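Structure first, then comments.
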Amino acid sequence: MERVLYNTILGAKPTLPDGSTFYYSDYSHDASKFYRGEQWPCCSGTFIQLVADYGISAYLHDEKGVFVNLYIPSRVDLNIAQQTVAIRQVTQYPLEKTSRFEIDTPKPIAFSVHLRIPAWAGAATHIVVNGKKSNTQVIPGSFLELSREWKQGDIVEINFDMGLRLESLNKRHPELAALLHGPLVLFPINSENNVYTSAQLLNAKQNTAQEWSLSIADKKILFKPFMFIGDEKYRLYNKLAIAEKRS
């Protein structure tokens, strides 16, 4: 769900007053963003549904606590043991590596806060509660539970170890790989269909919150997350050197 948020819908062109709609995302080797050649196609209402869906799905809860599913600027009000508890999330994730949660409760109350740990999270990912690093084990691909009595003004911070990594198209095509940083796919912009080594791609440097780059044979290749791509040409998968193919 997080991948869809950052690598599709947040990069979509806006629906125009005449009904021109960004119907689907193009991920070919010479991709671009374009409007479908008809007004108000059947899926044009999906944009409105997605706005609601991501708000609804940011937090889940049961009688014992709350599950943080998405790291987005937000606030959730919970009814726990007949008491209203508010949690405000302050973050610039995934452009920054941290997210902060501020507890607002009229009186101390015990419940659990479950933080989603993405499968890509590195070994240095950790939690800080009221300025002190938590010893709770961080397991990628699971929810981390913080169970305690919470008081007014308590603060939880999650700090992600968010490095670069490669993900193959599938097992049959390990020579085609996407470059990712956390949940963000990094797309080469206006570049030739180059052949890279894994080391070259993983050596890309972040210039700004919106742009990465690497230099090969005196050529500078730019990479951008989908939501920062405008009218440039881009591609999703990069060709790896044949010597790196794996069965």
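I'd like the carbon and sulfur percentage of the solvent accessible area for region 154-247, probe radius 1.4 Å, heavy atoms only, ligands and nucleic acids excluded.
Working: 2330 of 4700 Å².
After summing per-atom areas, the C and S share lands at 50 percent.
Give me the accessible area per residue for region 3-79, probe 1.4 Å, as a whole number in Å².
On the way: 4480 Å² over 77 residues.
I get 58 Å² per residue for region 3-79.
Cross-link reach is defined here as a Cα-Cα straight distance under 20 Å, omitting same-chain residues fewer than 8 places apart; for Lys13 the lysines meeting it are Lys33, Lys224, Lys233.
For region 42-91, the list of trypsin sites (Lys or Arg not before Pro) that fall in a loop by DSSP and count at most 16 other C-beta atoms within 10 angstrom reads Lys64.
The long axis of helix 46-56 is offset from the longest Cα principal axis of the chain by roughly 30 degrees.
Throw me the Rg/Rh for region 89-247, computed over C-alpha atoms with Kirkwood Rh, two decimals. Please report the intermediate quantities before stating the final value.
Working: Rg = 19.5 Å, Rh = 17.9 Å.
Across region 89-247, the Cα-based Rg/Rh ratio is 1.09.
Report, in deg cm²/dmol and to the nearest 500, the calculated mean residue ellipticity at 222 nm for the chain, where each DSSP H run with n ≥ 4 adds -39500 (n - 2.57) and the sum is divided by the residue count. Numbers along the way, then the final one.
On the way: 3 runs with 22 residues, N = 247.
After summing the helix terms and dividing by residue count, I get -2500 deg cm²/dmol.
From the P(r) of region 2-77, can you give the percent of Cα pairs sitting at distances over 14 Å? Of all Cα-Cα distances in region 2-77, 68 percent exceed 14 Å. Restricted to Cα atoms, region 10-167 shows a radius of gyration and a Dmax of 19.4, 57 angstrom.
Structural descriptor for region 177-247: relative contact order 44 percent, calculated from alpha carbon pairs under 8 angstrom and at least 6 residues apart. Ordering of 174-183, 160-169 by packing is 174-183, 160-169, highest average first (other Cβ atoms within 10 Å, averaged per residue). Measuring nothing but how far apart in sequence close Cα pairs (under 8 Å, 6+ apart) lie, relative to its length, region 84-205 scores a relative contact order of 24 percent.
Counting only C-alpha contacts under 8 Å and six or more residues apart, can you give the relative contact order of the chain as a whole percent?
Values: 492 pairs, mean separation 45.4, N = 247.
Relative contact order comes out at 18 percent.
Dividing the alpha-carbon radius of gyration of region 168-222 by the rule-of-thumb value 2.2 N^0.38 Å gives 1.14.
The values are calculated or read from the model by the stated rules, or taken from the named source; none is laboratory data. The structure displayed is predicted, hence computed values, not measured ones. For neighbour counting, all protein chains shown are included, and Cβ atoms are generated from backbone atoms with ideal geometry for every residue, glycine included. To get the accessible areas, we keep the full protein, side chains included, count just its heavy atoms, and leave off ligands, DNA and RNA. Shrake-Rupley method; radii C 1.70, N 1.55, O 1.52, S 1.80 Å.
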